[in-house]
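**Student:** Sending over a structure as structure tokens; questions will come in a sec.
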Amino acid sequence: MPNGIKRDVLHRYQGNPLLTVDDVPYRCNTVFNGSPIKFDGEYLLLIRVEGQQGYSFFSLARSQDGLKFTMDSEPWILPATEEPWSVWEGDGIEDPRITPIDGKHYILYTAAGEHGHRIALACTEDYRTYERLGMISGPGNKDGVLFPEKINGMYVRLDRPYGNHIGCVWISYSPDLLHWGQSRFLFGPRPRFWDSYRVGASVPPILTDRGWLEIYHGTKMTSSGPIYRVGAVMLDRDDPSRVTGQSLGPLLGPREDYERIGDIGNVVFACGAVVEDDGEVKLYYGAADTAICVATAHIDEIVDACFNGG
Ligand code: BMA
């Protein structure tokens, strides 16, 4: 039986890591936290790269099979140097999450600047040019993921406001993607659990026949720092402010050396997944803030884990 297959719902690809700094054709510190999309017959991964300067930007990698990726020769989206954006992106741009809606591919990302983190929104239609559309949260917010369709006539997102120093997942609504409100608490850390310290949305919600599947990250604080793991919740199809199920245990946690050892050890952190036609979920994740990896499970196994104490 392949290594680890009985321990986690998600199964690591034996060829992990998919990408490391050695695969980047320019000088940088690390690659991690990529958001995948199938586009124009290939798999694209929009990757967070930390430069030698110490702050992050985005680059694209391409693949025919979703496993063997080649990095583009140049970075794609750099932190803004012009106002009104530059004040919010002076410390870098982080953790992109792609959601296509009606031919437009929206990228929510974390803008890091002197006033803290905000959720920023950009858009592309061709993965060559992009447009910054706006800062769509106040400071002190990150981990924004956009639902892939309007619900009851409104765009919907999850995010992670850092109120009271406790990271919880909230839901908000918008008529136009720029103005957001009706914000409500959705779910938070569970005392004693593997996600007892913080939780945040990871993957843009996936519609299943049992409602919306949200694959999230949760952390537990230990005497040597937090451990980042992957979990899942289910949200009601028509009212996603209602949690209908949640995995008891993590779907994936750091076990391999490439997840344990790196710039930030004990981290698996996903920003997106591809659902194949046969129901296989390819979850792309950053390992130890130092490499990009993939793990897979059938979507039914993940949904079942949310309802069957998995
Ligand atoms: C989170 C984000 C992620 C990072 C993780 C572990 O807060 O900054 O980008 O992978 O911490 O360091």
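**Student:** Just one of the numbered conditions (1) within 16 Å of the ligand (Cβ to nearest atom); (2) open to solvent by 10 Å² or more (accessible area, probe 1.4 Å); (3) not in a helix (DSSP H, G or I) is not true of TYR258; which one?
**Tutor:** Single failed check for TYR258: (3).
**Student:** When VAL199 is evaluated against the numbered criteria (1) of a type outside the set (Lys, Arg); (2) outside any strand (DSSP E or B); (3) in contact with a Pro (Cβ under 6 Å, 6 or more places away or on another chain), which criterion, by number, is the only one it fails?
**Tutor:** (2)
**Student:** Still on this structure: Out of the residues in segment 99-116 that are more than 16 Å from the ligand (Cβ to nearest atom) and outside any loop (DSSP other than H, G, I, E, B), state the one that is most open to solvent (accessible area, probe 1.4 Å). Give the steps one after another, and end with the answer.
**Tutor:** Keep residues of segment 99-116 that are more than 16 Å from the ligand (Cβ to nearest atom), which gives 99-106, 114-115.
Imposing the further condition that a residue be outside any loop (DSSP other than H, G, I, E, B) reduces the set to 99-101, 104-106.
Working: THR99: 3, PRO100: 54, ILE101: 17, LYS104: 80, HIS105: 18, TYR106: 20 Å².
Of everything passing the filter in segment 99-116, LYS104 is most open to solvent (accessible area, probe 1.4 Å).
**Student:** OK, next. So PRO205 clears everything in (1) away from the ligand (no atom under 16 Å from the Cβ); (2) open to solvent by 10 Å² or more (accessible area, probe 1.4 Å) except one condition, right? Which one?
**Tutor:** All conditions are met except number (2).
Residue-by-condition table, conditions (1) free of Cβ contacts under 8 Å to residues at least 40 places away in the same chain; (2) not in a loop (DSSP other than H, G, I, E, B):
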site: PHE185; (1), (2): yes, yes
site: PRO191; (1), (2): yes, no
site: VAL203; (1), (2): no, no
site: LEU207; (1), (2): no, yes
site: TRP212; (1), (2): no, yes
site: TYR228; (1), (2): no, yes
site: ALA232; (1), (2): no, yes
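**Student:** Follow-up question, since we're still on this one. Which strands (runs of 3 or more DSSP E) does segment 120-167 wholly contain that include 3 or more residues that are over 19 Å from GLU89 (Cα atoms) and more than 16 Å from the ligand (Cβ to nearest atom)?
**Tutor:** Working: elements: 131-135, 141-146, 155-161.
Once the strands (runs of 3 or more DSSP E) in segment 120-167 are filtered for at least 3 residues that are over 19 Å from GLU89 (Cα atoms) and more than 16 Å from the ligand (Cβ to nearest atom), what remains is 155-161.
**Student:** Ok, one more. Mind checking which residues of segment 174-183 are open to solvent by 60 Å² or more (accessible area, probe 1.4 Å) and not in a loop (DSSP other than H, G, I, E, B)?
**Tutor:** Keep residues of segment 174-183 that are open to solvent by 60 Å² or more (accessible area, probe 1.4 Å), which gives 175-176, 178-179, 182-183.
Listed by number, the residues that qualify are GLN182, SER183.
**Student:** Which of the residues spanning segment 263-297 are within 11 Å of the ligand (Cβ to nearest atom) and out of contact with any strand residue (DSSP E or B) (no Cβ under 7 Å at 6 or more places or on another chain)?
**Tutor:** Quick first cut of segment 263-297, residues within 11 Å of the ligand (Cβ to nearest atom) only: 263-271, 285-290.
If the condition is that a residue be within 11 Å of the ligand (Cβ to nearest atom) and out of contact with any strand residue (DSSP E or B) (no Cβ under 7 Å at 6 or more places or on another chain), then ILE264, GLY265 are the ones that fit.
The values are calculated or read from the model by the stated rules, or taken from the named source; none is laboratory data. Given the structure is predicted, the values throughout are model-derived calculations rather than measurements. Because the Cβ atoms are built from the backbone with ideal geometry, glycine has one as well, and the counts that use them run over all protein chains shown. Side chains included, ligands, DNA and RNA excluded: accessible areas come from the protein's heavy atoms. Shrake-Rupley method; radii C 1.70, N 1.55, O 1.52, S 1.80 Å.
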